[in-house]
Structure formats: structure tokens, C-alpha cells
Amino acid sequence: MMSNARSNVWMLGVAALLATACSKKEKEAPPAAPAAARPTEAVPSGSRTGSAAGAAAGTATAPAAATAPAAGTGTGTGAEPATGAEPATGAATGTAGGAAAGGGTLTLSLQEPPTGPAAARRCALGGDPLVVPCVAGASLAVTPKGALYVTGEGGVVRRYRAAAGDDCTLELDERFGAKGLLTPPDKAAKPQVVGKGPVYMRSGGPDWKVTAAGETVYLHDFLLGLYRIDQGAPRPVCADLQGVNGLAIDGATALVSRDGGARLALGKQCKATPVAFEPRPSFGLFAAAGATWGKTGSGKLTRYGADGKAVATIGGGDDAFAPGGLCSTSAVSTCGDDVCVLDGNCKRLARFGADGAFVLERKADQLLGEQPYGLADLAPAADGGLWLLATHKDGETCEAGIYRVPGAAIRP
């Protein structure tokens, strides 16, 4: 971040420039010498520099401050949705000869930062545009046989299948629901009694998510229960289940993060057995790379062993912005033999070994060729790559894009 002194020098230089340009039209001074080189500061979306030769021939360079991503916002669910508008991009430069030089020149330009070709491919989607909530976002699940389930506005689920010969041209599967669309259950949350266990609350309306376990796919909401949907209609599994942010499904049971951790028998009774996770997951659980991972704090992800004890940790260091750090965790997925983590706040994808060792990271604009409004979800793809769900904002409307990230793009 530039100091007040630098800011003042830069502003005085620009003011002197404008005054000189307006008052001395008959004579133009030679351009000022460029400022001395200085180490480049990482600025995610652009920079602004200026130099001015004043009466004493002084120079100043004022890079724009790097903008930290907006912090996540929480609700009664303890979720960490990625928030914040896209940063502005561009650059402005100015040079001026001081009054003693007898003139001045001004050059202003605005340009997009170079991103290069995208590593991922945005898939063509059949049907209407995939409109999603801008705040809660959307979710994605993919089965081994290639069915893609995505939640959109109102919790409506779409099931896509790839067209013949092109795995990134996705058509609605009209055998699912009503011509490829499934509407979630229209129900009120089960009443809760104060004084008889935890009381679960949230702000806003339903936020339906999809989770796959093999070819079986579940739809769940924090207050509205758990349903199986892969057969084309919502079938109650644990219709009165509340307090679940995420599921790590293992056959006929699911690990959930509510009440510090529990193993849930999937069925009409939905009996929950406490699990002694250490540390306790507070923001949800994920199944990835043959293990269970839990969000155990803002910017921290823990891998649990069979006994519920921590065996590896990702993030949680002093610098969340550094490679290997995490600003927030939006999604976790298997990628080859490793685990990939989608960081919605810092707009990046990071790869780690099963032991938590950092492997590499890719910025969102490197992967997608543009800066998205949000990064919503991940799912594994057949070649060690990924399916990635991102959101793009146009005015007050957000549309989701499904991207195919090839395995080669996320390998060292």
C-alpha cells in the first residue's frame, strides 16, 4: 500500500501537469526521464503508476494498493460463501514536466491485464441459461458414468449429459425430472424446541446442494432435510434432518459436521452416532482422495483418519494469500492421487498431496481466461482433471458456467 507521502507527491504531480498543459500550449517540454526501476508488487487486477517532474525535478511512483478479497460472510449455518464484486482492472500513467521546464505532456491509458489463453474450456449448455443466486451460489455433482447435476435458482436441479464425441457440450437429460429439471421439495422447516439440544438457524431462504456417492445423488438443505434424486424425483432419506452443511458419504452412512461430528445411518430413522473428530469440524465435511476432510476454521482444512484424529492439515498459516495458504474453502475434490481445493475468496485453485503438502496453484483468470464473480464448486473428471462451476455477474443477475479443466493443466 502506498504511503500518504507518496500519494500526496503523485497527486501534486498530476495537478501540476494539468495546470501546465492548460496554460502553455505553444511549447511542449521533452518527456521526463523514466523513474528508476523498483521491485514489482503483485496487484491482482491492475495497477496505476504516475511520475511527475516538479520544480525541483523530483519523481514519484505510486503503485495501486493490492486489494485483498472480500472476507466471507457467515450465516447461522456457519457457511463461508465467497463474496465481493470483481475488482476493477486497468492502468493509468502520467508524466509531466515541471513549470520550470515550460510545458508538459499527459498520457492516460486503460488496458486489461494480460491473461493468456484459458487452460479450461467453458462448456456449451443445452436449455435456458443457468441462472444462480449471486450470494449462495450453486453446487455441482458428477457421477462415474458422466451425469452432471447442478443446482440453480430456486434450488432447481438440472441433469446434463455430454453429447456424443464432445464431453464439453452438455445437453439436458430429458429422462430426469421434467425434461431435465427437478424441483426441490416445497416444505417448511421442522419446528425446533429450545432447551432440547441445538437450535439451527440461518438467514435467507433455502440453499439446496447436491452430493454424489457413486451413481447415487443426494439433495440437501441446512434446515429442510436430505433427499435422494438420481431416480428423477425427490425421495426422502432423512427428511427432518437439520444442521448439515456438507456430507462425506461412505456407503449406507454419511459423516456430517453437525454437533461437532456424527455418523448418520441413511434411511427412515436416520440414526446419528457421535464421532469424536479432533479438531471438531465447524463448517462442513468433504470426501476427497479416499479420505474425509473438514473445515476446521477460516482458511484451514483438516484430513481425518479412521479414528477421527487429524492426520494432515492444509492452510492455517500466517499468510493466507501465500502459495499453500487458504483464504476460504469453497469446495474440495479428488484430482488424480491428490486433493484440489477451490478458494472462493482468493479466486484460485490449489493442489495438495494427501499429506497436505502444497503442490501448485492456479489463479482463476489463468484457468478460465477471465476473472469470475465467484467460484462455486468442483468435481473430479476422468483424466485426473476437474469439472469447475463458476459464476459470472451481469448487473444484478448471476449466471453459472461449467468448465472442463484438463488434468494436464493442474499437474506440476
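The values are calculated or read from the model by the stated rules, or taken from the named source; none is laboratory data. The model shown is predicted, which means the values in this text are computed figures rather than measured ones. Counting neighbours? That spans all protein chains shown, and the Cβs are built from the backbone with ideal geometry, glycine included. When the accessible area is computed, the model is the full protein with side chains, heavy atoms only, and any ligands, DNA or RNA have been set aside. Shrake-Rupley method; radii C 1.70, N 1.55, O 1.52, S 1.80 Å.
I'd like the carbon and sulfur percentage of the solvent accessible area for the range 177-234, probe radius 1.4 Å, heavy atoms only, ligands and nucleic acids excluded.
On the way: 1710 of 3040 Å².
Accessible surface attributable to carbon and sulfur in the range 177-234 totals 56 percent.
Just the number please: accessible area per residue for the range 274-340, 1.4 Å probe, all protein chains included, in Å². Walk me through the numbers on the way to the answer.
Numbers: 2820 Å² over 67 residues.
With all protein chains present, the range 274-340 gives 42 Å² per residue.
The peptide list 157-168, 364-375, put in order of mean Cβ contacts within 10 Å with the highest first, becomes 364-375, 157-168. Carbon and sulfur atoms: what percent of the 1.4 Å accessible area of the range 327-410 do they account for? On the range 327-410, the fraction of accessible area on carbon and sulfur atoms equals 44 percent. Can you give the local net charge around ALA272? Use residues other than it whose beta-carbon is closer than 10 angstrom to its beta-carbon, Lys and Arg +1, Asp and Glu -1. Every neighbour counted, the sum reads +2. Quick one: net charge around LEU224, please, counting Lys, Arg +1 and Asp, Glu -1 for every other residue with C-beta under 10 Å from its C-beta. It works out to a net charge of -2.
Packing order of peptides 335-342, 143-150, highest average first: 335-342, 143-150 (average count of other Cβ atoms within 10 Å over each peptide's residues).
Once the 1.4 Å probe is applied to the protein heavy atoms, the range 189-233 comes out at 49 Å² accessible per residue.
You can think of it this way: the chain between ASP128 and THR216 has 29.1 nm of extra reach, that is 0.36 nm per residue less the Cα-Cα gap.
For the range 360-412, the solvent-accessible area of protein heavy atoms averages 37 Å² per residue (probe radius 1.4 Å; ligands and nucleic acids excluded).
Using a cut-off of 13 Å between beta-carbons, work out the net charge of the residues near ALA409 (Lys and Arg +1, Asp and Glu -1, ALA409 not included). Intermediate results must be reported in sequence, preceding the final value.
Working: positive: ARG121, ARG351, ARG362, LYS363, ARG404, ARG411; negative: GLU361, ASP383.
Here the charged neighbours net out to +4.
Taking all protein chains as present, what is the carbon and sulfur share of the accessible area of the range 250-311, in % to the nearest whole number, probe 1.4 Å? List each step's numbers first, then the result.
Working: 1520 of 3030 Å².
Percent of accessible area from carbon and sulfur atoms in the range 250-311: 50.
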